[in-house]
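S.K.: Encoded as structure tokens, here's the structure I'll be asking about.
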Amino acid sequence: MILRASAVPAQAGYEAPEWIIRRRRSAGFSATFLGDAFDMTALLTPVFVLVSLTFTLLFWLGGSRYLSLRNREVRISDIALGQPAWPHRLTQIDRAYHNQFELPLLFYALVCLVIVTGAQPAGFRFLEWQFVILRLAHAYVHVTSNQLRARFLLFAAGAMTLLAMWVLFGVRLLGSGD
């Protein structure tokens with residue numbers, strides 16, 4: 001799906017703020033919202049993959065906790081206030097799930113800013129996929145071997161990829177100045 005800039009403001013009733021229009025003109029973009037053509041599907045597909053990972057871990061964790069309680073591996077009174085009484089395996093899944101609300105939040109915010117400003121740097125989609133693949137690999141290691149060195153290297157590579165994305169976005173958006 002490609003959104004055309006001429007269609008977006010009219011359909012959504014959205015008028016870009018003046019500061020965005022000025023910034024876009026100074027950076028060499030058209031002043032219309034989202035530029036001339038914006039491939040929203042390509043931009044958002046990595047986001048949907050990462051959101052799918054989060055929900056997969058959530059449902060896996062919920063189902064595993066239910067089974068653990070049903071099989072009497074844990075008593076409700078042992079975990080009612082969030083005490084760390086879950087079996088080791090469930091703690092791994094729990095930590096992998098909670099990790100999806102740490103570094104990925106900066107990724108989601110960045111994608112939203114790229115959409116709003118239309119300032120998509122060169123190579124952004126490649127870096128998006130690189131970040132998502134590293135997050136998938138990080139979660140996989142977390143719920144399988146949980147080898148700390150491998151997990152850290154995947155986390156660090158993902159963090160550096162995300163940092164590069166933010167720097168490229170900042171340079172693209174703010175580089176030319178007003």
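The values are calculated or read from the model by the stated rules, or taken from the named source; none is laboratory data. Not measured: the values here are computed from a predicted model. Reconstructed Cβ throughout: ideal geometry from the backbone, glycine too, with neighbour counts over all protein chains shown.
S.K.: If you check Leu127, Leu103, Leu163, Leu90, which single one turns out to be over 24 Å from Leu44 (Cβ atoms) and hydrophobic (A, V, I, L, M, F, W, C)? Break it down into steps so the answer makes sense when it comes.
M.R.: Details: Leu127 fails: over 24 Å from Leu44 (Cβ atoms); Leu103 fails: over 24 Å from Leu44 (Cβ atoms); Leu163 fails: over 24 Å from Leu44 (Cβ atoms).
So the residue among Leu127, Leu103, Leu163, Leu90 that is over 24 Å from Leu44 (Cβ atoms) and hydrophobic (A, V, I, L, M, F, W, C) is Leu90.
S.K.: Still on this structure, I have one more. Looking at this structure, is Leu43 aliphatic (A, V, I, L, M), in a helix (DSSP H, G or I), modelled with pLDDT of 85 or more and closer than 19 Å to Pro121 by Cβ? Before you say what the answer is, go through the steps one by one.
M.R.: On the way: aliphatic (A, V, I, L, M): yes; in a helix (DSSP H, G or I): yes; modelled with pLDDT of 85 or more: yes; closer than 19 Å to Pro121 by Cβ: yes.
Yes.
S.K.: Exactly one condition in (1) more than 30 Å from Leu174 (Cα to Cα); (2) buried (at least 17 other Cβ atoms within 10 Å of the Cβ); (3) not β-branched (Val, Ile, Thr) is not met by Gly118; state its number.
M.R.: With respect to (1) more than 30 Å from Leu174 (Cα to Cα); (2) buried (at least 17 other Cβ atoms within 10 Å of the Cβ); (3) not β-branched (Val, Ile, Thr), Gly118 is out only on (1).
S.K.: Could you look through region 75-100, keep only residues that are without any contact (Cβ under 8 Å) to a residue 12 or more places away in the chain and outside any helix (DSSP H, G or I), and pick out the one that is surrounded by the most Cβ atoms within 10 Å (Cβ to Cβ)?
M.R.: Of the residues in region 75-100, the ones without any contact (Cβ under 8 Å) to a residue 12 or more places away in the chain are 75-85, 88, 91, 98.
With outside any helix (DSSP H, G or I) added as a condition, the list becomes 75, 80-85.
Details: Arg75: 10, Ala80: 9, Leu81: 6, Gly82: 6, Gln83: 10, Pro84: 8, Ala85: 15.
Only one residue tops the list, namely Ala85.
S.K.: Taking the criterion of being in contact (Cβ under 8 Å) with a residue 12 or more places away in the chain, closer than 30 Å to Met165 by Cα and assigned to a helix (DSSP H, G or I), would at least one residue in region 67-74 satisfy it? Step through it out loud before you land on a result.
M.R.: To start, the set of residues in region 67-74 that are in contact (Cβ under 8 Å) with a residue 12 or more places away in the chain comprises 68, 73-74.
Applying the additional criterion that residues be closer than 30 Å to Met165 by Cα yields none.
Scanning region 67-74, I find no residue that is in contact (Cβ under 8 Å) with a residue 12 or more places away in the chain, closer than 30 Å to Met165 by Cα and assigned to a helix (DSSP H, G or I), so the answer is no.
S.K.: Criterion first (assigned to a loop (DSSP other than H, G, I, E, B), within 22 Å of Phe59 (Cβ to Cβ) and of a type outside the set (Gly, Ala, Ser)) does Phe107 satisfy it?
M.R.: no
S.K.: Okay, moving on. Note down all Cβ pairs under 6 Å where the first residue falls in region 28-53 and is within 26 Å of Gln100 (Cβ to Cβ), the second is modelled with pLDDT under 85 and of a type in the set (A, V, I, L, M), and they're at least six residues apart or on different chains.
M.R.: Pairs that qualify, where the first residue is within 26 Å of Gln100 (Cβ to Cβ) and the partner is modelled with pLDDT under 85 and of a type in the set (A, V, I, L, M), are Asp39/Ile2; Met40/Met1; Met40/Leu3; Thr41/Met1.
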